[in-house]
Amino acid sequence: MINIGSGELRHKGWLNLDYRLSLKKNNLVCDLRRQWPLASQSAKYIFCEHVFEHFGYPDEIKHILAECYRILQPAGVLRVIVPDAERYLRAYVGNDEAFLRQVGGGVTSKICVINKMMRENGFHRYAYDYEKLKELLDECGFRDVTRSRFRESEYKELNLDLDEPERKLVSLYVEAIR
């Protein structure tokens, strides 16, 4: 079980990959934009929360997905969680002040809330909705791409309190099979 782009959110029992980890048990320092030092078909599950939006589209993210595909065993599952651009844009268009206020972090202008999510001080490089993420996963060879929900994976191992509660309101949950 591999947690890619784990940052400080390391999961017990998972191999945590990030470019800035301390080298402790179950941590692997790895630039996700390069080939990962893992054997092909060595993982049953890959978990990835709020990571894809930090990489360029299409080249960087397609490389990362190719590595996910390579690492996963046949019928292995990739769980991807990203900020839900559609949710933000619907809130903007629908003037959902409650949502915008809640996620805005003190930002008062609607467009500033959108820019905050889309750009995240220069750390976000691409915004996803379900349609685009599904298309991308399909292109990279994944099958059975489906929407999921907060802590409602069909797979027991992916329901072990992995999804961060503070991201529930703003996240898109997607699972795909190799």
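Any residue in region 108-121 that is farther than 17 Å from G94 by Cβ sitting within a Cβ distance under 8 Å of a residue that is exposed (fewer than 13 other Cβ atoms within 10 Å of the Cβ)? List the pairs, counting only those 6 or more apart or interchain.
Close Cβ pairs (under 8 Å, with a partner that is exposed (fewer than 13 other Cβ atoms within 10 Å of the Cβ)) amount to K116/G105.
Specify the residue that is nearest to L9 (Cα to Cα); the eligible residues are those in region 136-163 that are assigned to a loop (DSSP other than H, G, I, E, B) and without any contact (Cβ under 8 Å) to a residue 60 or more places away in the chain.
Pass one, region 136-163, residues assigned to a loop (DSSP other than H, G, I, E, B): 140-142, 148-155, 160-163.
Now restrict to residues that are without any contact (Cβ under 8 Å) to a residue 60 or more places away in the chain: 149-152, 154, 161.
Working: R149: 19, F150: 16, R151: 16, E152: 19, E154: 22, D161: 11 Å.
Top of the filtered list is D161.
What residue, among those in region 67-126 that are in contact with a His (Cβ under 7 Å, 6 or more places away or on another chain) and more than 20 Å from P165 (Cα to Cα), is surrounded by the fewest Cβ atoms within 10 Å (Cβ to Cβ)?
F123
Sort through S40, S6 and tell me the only one that's in the same structural domain as L158 (by TED's automatic domain parsing), polar (S, T, N, Q) and loosely packed, with under 14 Cβ neighbours inside 10 Å.
Values: S6 fails: loosely packed, with under 14 Cβ neighbours inside 10 Å.
Among S40, S6, only S40 is in the same structural domain as L158 (by TED's automatic domain parsing), polar (S, T, N, Q) and loosely packed, with under 14 Cβ neighbours inside 10 Å.
Just to confirm my filter: which strands (runs of 3 or more DSSP E) fall fully inside region 1-70 and include at least 3 residues that are touching a residue at least 12 places away in the same chain (Cβ under 8 Å), over 19 Å from L172 (Cα atoms) and within 15 Å of the chain's Cα centre (by Cα)? Don't jump to the end; show me each part of the working.
Numbers: elements: 2-4, 15-18, 27-29, 43-49.
Once the strands (runs of 3 or more DSSP E) in region 1-70 are filtered for at least 3 residues that are touching a residue at least 12 places away in the same chain (Cβ under 8 Å), over 19 Å from L172 (Cα atoms) and within 15 Å of the chain's Cα centre (by Cα), what remains is 15-18.
Please work out which one of (1) more than 15 Å from R34 (Cβ to Cβ); (2) touching a strand residue (DSSP E or B) at 6+ places or on another chain (Cβ under 9 Å) is the condition E67 fails and give its number.
Of the numbered conditions (1) more than 15 Å from R34 (Cβ to Cβ); (2) touching a strand residue (DSSP E or B) at 6+ places or on another chain (Cβ under 9 Å), the odd one out for E67 is (1).
The values are calculated or read from the model by the stated rules, or taken from the named source; none is laboratory data. From a predicted model like this one, the values you see are computed outputs, not experimental measurements. As a convention, Cβ positions derive from the backbone with ideal geometry for all residues, glycine included, and neighbour counts pool all protein chains shown.
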